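Worksheet: one structure, shown below.
The values are calculated or read from the model by the stated rules, or taken from the named source; none is laboratory data. Keep in mind that what you see is a predicted model, and the values were worked out from it rather than measured. Protein only, heavy atoms only, side chains kept; ligands, DNA and RNA dropped before computing areas. Shrake-Rupley method; radii C 1.70, N 1.55, O 1.52, S 1.80 Å.
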Amino acid sequence: MFGVTADESGQESAELLAEFVSIQKEIFSELGMHCRVLDMPTQELGLPAYRKLDIEAWMPGRGKFGEISSASNCTDYQSRRLNIMYHGDNERLKYAHTVSLNCSSRARRIAAPLCGTNTLCFLNSNETC
């Protein structure tokens, strides 16, 4: 998912980030996954990200949590490079803020339910169940 917001109050992109993470948590909860949200420290952020939240799910085969989703508030970093602007309250052009969410980590995918149970397995591309 990708969202573009105004920057009038300074909170629009933070609110959209929270909404994206809430949607993801609801989806994973409905799938019966035990998840946690990590607010990543600044040294873990890429250049465009102002704030990044990772969602991790418990992976019983590994015996630990693993990242399944990531959401970033990039403020105006991407919009400056893409020249995404809008007319602000005072009719002056302003750069928009962007928020992005990847719904599945690059190296992981959701596999079909195993052995007729409601348990889901998260696999690396080189792992088997």
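What to note about this one:
- Residues with amide H under 5 Å from that of Met59, placed H, sequence gap 5 or more: Lys64, Phe65, Gly66
- Phi angles of the range 46-62 translate, via the Karplus equation with coefficients 6.51, -1.76, 1.60 and θ = phi - 60°, into HN-Hα couplings of x, 4, x, 7, 8, 8, 9, 10, 9, 10, 10, 10, 5, 10, x, x, 9 Hz per residue; Gly and Pro are given as x.
- Under 22 Å of direct C-alpha separation, and excluding same-chain neighbours fewer than eight residues apart, Lys64 reaches these lysines: Lys25, Lys52.
- The listed residues Glu56, Glu30, Glu8, once ranked by accessible area (1.4 Å probe) with the largest placed first, stand as Glu30, Glu8, Glu56.
- Orientation-averaged projection of the range 37-81 equals 3.6 nm² [convex hull of Cα atoms, one quarter of hull surface area].
- Whole-number accessible area per residue in Å² for the range 12-103, which is evaluated in the context of all protein chains at 1.4 Å: 58 Å²
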